[in-house]
Amino acid sequence: AVIGRYKLSVQSTSSGSSSPASLGTFVLLFNPWSSGDDVFMPNKAECEEYVLEEFGIIFAGNKNHINSFGWNFGQFQGDILNICLSMLDRSLNYRKDPATDVSHRNDPKYLGRVLSAMVNANDDQGVVLGNWSGNYEGGKSPSSWTGSGEILQNWKKSGFRPVRYGQCWVFAAVLTTVLRCLGIPTRTITNFSSAHDADGNLRVDEFYDASGNHLDRAADSIWNFHVWNESWFSRSDLGPSYSGWQILDATPQEESGGIYQCGPASRNAIKEGDVDLDYDCPFVFAEVNADCMYWNYDTTTGKKTLMFSESTVIGQFISTKAVGRDDRVDVTNDYKYEEGSKKERDTFKKARRKLGLEDKFDPTAPTPQEIDQKPDISGRFKVAGPLEVGKDLNLILVLANLQSDAKTVHVNMTAWSTVYTRRPVHEIWRDSISITLSPKEEKQFPIKIPYNGYQQQLTTDNTIQVTALCHVEGGIQVLVQRDITLDNPAIDIQVLGEAKVNKEVDVEVTFTNPIDMEVMDCVLQVEGNDLLRGILEIDVPPLKASEKSSTKFKLIPFETGPKHLLVNFSCDKFADIKTFKMVNV
């Protein structure tokens, strides 16, 4: 049956031709507990997590340093169901042809695709407007949200004007809320070192100039992480082996069928390299499998030379929250065969063949000679100290001569603040050195970027990309780079006493200013389903160097059971310090 709002009336046979009496309306949803439903999920614990659970954990950071934060999906709060239903009636498909659109609302793959388009604002005045510039004036910074409820309510209150601003986890979290609300089991997935392959060749090209600056000139990119969704339903269009988890992505990256939507792509199809199946499998396959080419680009002549290529960096530590626990589960093996195995390379070749890339000459691709070049030196950045906002950043550049004759190397180094998509925003630091490495010698060069050197330039993502471009005399250039995510200082929540329904309980949030300057404009934002209504905002007085602040407020819980309290603390020096606490009511 088609999901949505139904009118229910009763007609009595004895009263002859009198008009039926209305009993009111009800809403029909998908039912994952029912074995006849397209979304049937046999495991009850999974139904609890992926449909009924209103709290989630989203993973972020980078592959060297995974962090996480809580999110309030809130799919059963207040007006959310009405807003989700009105999303369906605002889609392009419904506006074009209401009757046909409604007749397809029994099909989770149809609704998943339509909603992946409606969650972003592109094309259809959907829910959230994306912004990856690092400047979020005129709206809320993407990292400041703690739940979907505020976003969906704001969208409705403004007369359905897109809410500013979101990035991938916001789109994915809102889509999770909407699909769980409608009864489709859904979860968020984080992919580290995620490829955005804009031209569909399963290859991502990155360009660097002679100084080592990462040039923002290619449509392709490699994100530190990207968050999308998986929803559980059967694929009658593809056959039973492609049923189960389906990938949907509401982040507007590339158009599909002329609009910004993505999926559903069967996860089994991705793993097997069946990229010719509906929908958008080549894009998703590239996100977890693309090969990377790193080029040196001469900005005066436009000539590019390949520095090196990698086939194992993309798609690492693919993560989701565990069922019934607050832990990370790694699902990389559900997306691909083990990196470097023959099976994995065969699947990649099969995907290239299905996309017609095997036989087509690609003038932009590196030649076999270029790919076979062997560098004379190797390099890496080692971390030599804490990676924390407010502390100096200490690294060591390690260079090793791989040859049995001496090498002279000129090294150009840069550090840029970036957004999590690795898009460069501000230059922070640059330096250059010339060195000679004896045969087989390894040398270490300490690098220090003081806090006051990066503090002004840092984005709310706390990410810095450090690059060393090594020009080896008589040899090929070697690129050494590292993406660094700095941790925010910690914040602590204590519930002072026992939480009981309809009884006041005190909560204390403490924060210690870790830097030797005053922090100002401090705001604490608190939300939690069944613990408080709406969002609590508290202004916190400025904090001097090393000063500790304690903020107390009261909750009156109105439901029993395990509930989650989410806290977000911001000030002029630290953006969006998040934590959460489970409160047993």
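Structure notes:
- Cβ-Cβ FRET estimate between Lys96 and Glu358, R0 fixed at 60 Å, reported to 0.05: 0.95
- Based on C-alpha pairs under 8 angstrom that are at least 6 apart in sequence, the chain has a relative contact order of 11 percent.
- Fully extended contour minus Cα-Cα distance, from Asp278 to Gln457, at 0.36 nm per residue: 60.2 nm
- Amide hydrogen neighbours beyond the local backbone of Lys563, cut-off 5 Å, H modeled: Val583, Asn584, Val585
- Difference of contour (0.36 nm per residue) and Cα-Cα distance, Ala400 to Lys157: 81.5 nm
- Apportionment of accessible area to carbon and sulfur, the chain, percent (1.4 Å): 49
- Placing dummy labels 7 Å off each Cα toward the beta-carbon, the span from Lys304 to Leu28 is 5.3 nm.
- Of the GluC sites (Glu not before Pro) found in region 423-502, the ones in coil according to DSSP and having at most 15 other Cβ atoms within 10 Å of their Cβ are Glu441, Glu473, Glu498.
- Residues in region 118-127 carry Karplus couplings, in order, of 6, 6, 9, 7, 4, 6, 9, 6, x, 6 Hz; the curve used is 6.51 cos²θ - 1.76 cosθ + 1.60 with θ = phi - 60°, and Gly or Pro positions show x.
- Distance (nanometres) between label positions extended 7 Å along Cα→Cβ at Ser236 and Arg345: 4.3
- Counting Lys and Arg as +1 and Asp and Glu as -1 over every other residue whose Cβ lies under 13 Å from the Cβ of Thr190, the net charge comes to 0.
- Across all Cα atoms of region 272-361, the radius of gyration (one decimal) and Dmax (whole number) stand at 16.6, 57 Å.
- Among His196, Leu355, Tyr136 the positive-end extreme of the charge dipole of the chain (Cβ point charges): Tyr136
- Per residue, the accessible area of region 66-165 comes to 39 Å² when a 1.4 Å probe rolls over the protein heavy atoms.
- Between the helical axis of 168-181 and the longest alpha-carbon principal axis of the chain there is an angle of about 20 degrees.
- Straight Cα distances below 19 angstrom link Lys581 to the lysines Lys321, Lys500, Lys503, Lys552, Lys554, Lys563, with same-chain residues fewer than 8 positions distant left out.
- Degrees separating the helix 342-354 axis from the principal Cα axis of the chain, which is the longest one: 70
- Over all Cα atoms in region 374-485, the spread is summed up by Rg and Dmax: 14.8, 46 Å.
- Paramagnetic reach from Glu48 in region 553-585 [backbone N under 15 Å; point 7 Å along Cα→Cβ]: 561-563
- Taking 19 Å as the straight-line reach from the Cα of Lys448, the lysines in range (excluding those fewer than 8 positions away in the same chain) are Lys382, Lys391.
- Spacing of the modelled spin labels on Ser19 and Arg430, each 7 Å from Cα toward Cβ, amounts to 7.8 nm.
- Distance from the alpha carbon centroid of region 447-496 to that of region 311-350 works out to 26 angstrom.
- FRET E, pair Ile371, Phe445, Förster distance 35 Å, beta-carbon r, rounded to 0.05: 0.75
- Length released on extending from Ala218 to Ser550, taking residue separation times 0.36 nm less the Cα-Cα span: 114.8 nm
- Neighbour cut-off at most 12 other Cβ (10 Å), DSSP loop, chymotrypsin sites (Phe, Trp or Tyr not before Pro), region 265-331: none
- Accessible area per residue, Å², region 374-485 with all protein chains present, probe 1.4 Å: 41
- Range of Cα positions in the chain per principal axis (Å), largest first: 104, 65, 39
- Annotation note: GluC sites (Glu not before Pro) in region 236-341 located in DSSP loop regions with a Cβ neighbour count of at most 13 within 10 Å are Glu255, Glu338.
- Lysines whose Cα lies under 16 Å from that of Lys350, excluding same-chain neighbours fewer than 8 positions away: Lys271, Lys336, Lys342, Lys360
- When each of Lys548/Lys578; Lys63/Lys349; Lys96/Lys156 is checked by Cα-Cα distance, pairs over 19 Å: Lys63/Lys349; Lys96/Lys156
- All Cα pairs of region 491-584, percent lying beyond 20 Å: 34
- For region 284-390, the relative contact order works out to 18 percent when only alpha carbon pairs closer than 8 Å and six or more residues apart are counted.
The values are calculated or read from the model by the stated rules, or taken from the named source; none is laboratory data. Since the structure is predicted, the reported quantities are computational estimates derived from the model, not experimental observations. As a convention, Cβ positions derive from the backbone with ideal geometry for all residues, glycine included, and neighbour counts pool all protein chains shown. Protein only, heavy atoms only, side chains kept; ligands, DNA and RNA dropped before computing areas. Shrake-Rupley method; radii C 1.70, N 1.55, O 1.52, S 1.80 Å.
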